[in-house]
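Notes to accompany the following structure.
The values are calculated or read from the model by the stated rules, or taken from the named source; none is laboratory data. All figures in this text were calculated on a predicted structure; none of them were measured in a lab. Positions of Cβ are generated from backbone atoms using ideal geometry, with glycine treated the same way; all protein chains shown enter the neighbour counts. Side chains included, ligands, DNA and RNA excluded: accessible areas come from the protein's heavy atoms. Shrake-Rupley method; radii C 1.70, N 1.55, O 1.52, S 1.80 Å.
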Amino acid sequence: MSEPLYGVPHPHGPLLGPLSPPLVRSTTAGQPDAETLRAMGAGERPGEFYQRVGHQNGRAFESLVAAHEGADGAVAFASGMAAISGALGALLRSGDRVLVAEEIYGGTSAFATTDLVRFGVQVDRFSALDLEGLRTALQRPAKIVVFESPINPTLRLVDVRAVATLARAAGALTLFDGTFAPPPIQNALALGVDLVAHSATKFYGGHSDVLAGVVAGRHELLGPIEAWRRRTGGTLAPDPAWLLLRSWPTLALRVQAQQDAALALAQGLLDDVHHGRLVAVSYPGLPQHPDHALARRQMRGGGCVVTVELPGGLTGARRAFDRLTRIARAPSLGGIESLATLPAFTTHAALSTAQRAQAGIADGLLRIAVGLEGADVLLADVRQALGG
Ligand code: PLP
């Protein structure tokens, strides 16, 4: 195989020259001769050629992700959805069957049921919390199993290794969305999945100012994904790639501080449950969480998202939501600012109250993506919002 056009892990050398990498915006690059032009045009050689094919800032980010994930390489895209749709678009063909977890990001679900179906892919759903159901679904051939963990917004966990093992035994690939728990927290490839995708908009960016996505895995799978990116043009641009490089050295520190604050917030809010000011608090790092043992097996920490159920259903949740002063009322997660959303109004608005209830999503649910303000500040904000 010729050298890949995407980033591959490379060993750390001494820090020589400028410590902040140059940002190279050039869309094209001069070549020394006809043979180089030919080889670059044919995709036989990596390097600076034409920005849609790849560029040094993008490859540097891909190399970091690949090393961090323990992958052969990584392919970066302009958004998380471009990465997920790119992986599926590149590997599936008309007539293939794909199994998509019910408990998956809405954008992935919409892409599968709208676009993959339009292109003749059979999309079947399964519950990632029901391994027996998955085993039955895999009795008929499937090309890819798509799932994620932790599940949004219930924060239930999927046994990643068990799903990967079942899929592999049935001859199916696995595509795992690792957005809610990137490698400082969870290494999905080490747990056995074939491909891991991230919305790098979240923790990798970390400052709510970058839209990006990335897929990591084995060369044999990344080759077609990179070719898809080149053909369809969803390449990550140099500016966001540079910002991702800028965010990288603080990733582990940010995630650790955010996890510590999330755990302390969840522990503090247990008191509010005890006194009836909250119906429930969910956080995988709490021993009370139904999947706490699994969290200890497959994650390093409980993640950076806490959900609470307010008394009074949607009315109670809206009231507390509107009263927040430090936690911003905004979608997304993984950034330095804490954000709150109401799943009944955002990610799960398309479902009826009954359908949400069946998925374990109470109308009074409030999701808090924990940033870096500190647990005391967040706890005080939630408590004042509760009116206590
Ligand atoms: N996957 C998950 C779990 C997400 O939460 C999101 C966005 O919120 C995406 C994928 C899509 O990422 P992006 O918004 O970068 O396209």
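Which of Gly387, Val100, Phe180 sits closest to the plus end of the dipole of the chain, meaning its Cα is farthest towards the positive end, when Lys and Arg get +1 and Asp and Glu get -1 on the C-beta?
Result: Val100, furthest along the dipole toward the positive end.
Please sort 120-127, 154-161 by packing, taking for each peptide the average over its residues of neighbouring beta carbons within 10 angstrom, highest first.
The densest-packed peptide leads the list: 154-161, 120-127.
For n ≥ 4 DSSP H runs only, could you compute -39500 (n - 2.57) per run for the chain, divide by its residues and tell me the 222 nm figure to the nearest 500?
Computed ellipticity for the chain at 222 nm equals -11000 deg cm²/dmol.
Assuming a ≥ b ≥ c are the square roots of the Cα gyration tensor eigenvalues, decide whether the stretch 251-385 counts as rounded (a/c under 1.5), prolate (otherwise, with a/b larger than b/c) or oblate.
rounded
If you plug each phi of the stretch 144-159 into the Karplus form 6.51 cos²θ - 1.76 cosθ + 1.60 with θ = phi - 60°, what whole-Hz ³J(HN,Hα) values come out, in order, with x for Gly and Pro?
9, 10, 10, 7, 8, 6, x, 7, 9, x, 6, 6, 5, 10, 9, 6
Can you list the HN-Hα couplings for the stretch 231-242, worked out from phi with the Karplus curve (6.51, -1.76, 1.60; θ = phi - 60°), rounded to whole Hz and with x for Gly and Pro?
6, 9, x, x, 4, 5, 7, x, 4, x, 4, 5
Sorted by accessible area with a 1.4 angstrom probe, largest first, how do Leu244, Leu189 fall?
The ranking, largest first, comes out as Leu189, Leu244.
At 0.36 nm per residue, minus the direct Cα-Cα distance, what do Ala227 and Leu372 gain on full extension? Give it in nm, one decimal, please.
Computed gain between Ala227 and Leu372 is 48.4 nm.
How big is the dipole moment of the chain about its Cα centre under a simple scheme where the beta carbon of each Lys and Arg is +1, that of each Asp and Glu is -1, and everything else is neutral? Debye, nearest 20, please.
Approximately 380 debye in magnitude.
Rounded, prolate or oblate: pick one for the stretch 170-228, where a ≥ b ≥ c are the square roots of the eigenvalues of its C-alpha gyration tensor, a/c under 1.5 means rounded, and failing that, prolate if a/b is larger than b/c, else oblate.
oblate
Expressed as a whole number of Å, what is the distance separating the alpha-carbon centroids of the stretch 203-235 and the stretch 20-46?
Each part reduced to its Cα centre gives a spacing of 19 Å.
Give me the distance in nm between label points sitting 7 Å out from Cα along the Cα-to-Cβ direction at Ala354 and Arg297, one decimal.
Going from the Ala354 label point to the Arg297 one covers 3.5 nm.
Karplus couplings for the stretch 211-227 from phi (6.51 cos²θ - 1.76 cosθ + 1.60, θ = phi - 60°), rounded to Hz, Gly and Pro as x?
Result, ordered by residue: 10, 6, x, 7, 10, 10, x, 8, 3, 4, 8, 6, x, x, 5, 5, 5 Hz.
Give the relative contact order (percent, whole number) for the chain; include only Cα pairs under 8 Å separated by 6+ residues.
16
Can you compute the label reach from Glu3? Point 7 Å from Cα along the Cβ direction, backbone N cut-off under 12 Å, restricted to the stretch 20-45.
Counting only backbone N, you get 40, 44-45.
Classify the stretch 77-152: rounded, prolate or oblate, from the alpha-carbon gyration tensor (a ≥ b ≥ c, eigenvalue square roots; a/c under 1.5 rounded; otherwise prolate if a/b is larger than b/c)?
Verdict is oblate for the stretch 77-152.
Report, in degrees rounded to the nearest 10, the 0 to 90 angle that the Cα long axis of helix 80-91 makes with the longest principal axis of the chain.
Relative to the chain, helix 80-91 is tipped by roughly 60 degrees.
If I fit a long axis through the Cα atoms of helix 160-169 and take the longest principal axis of the Cα atoms of the chain, what angle between them do I get, 0 to 90°, rounded to 10?
50
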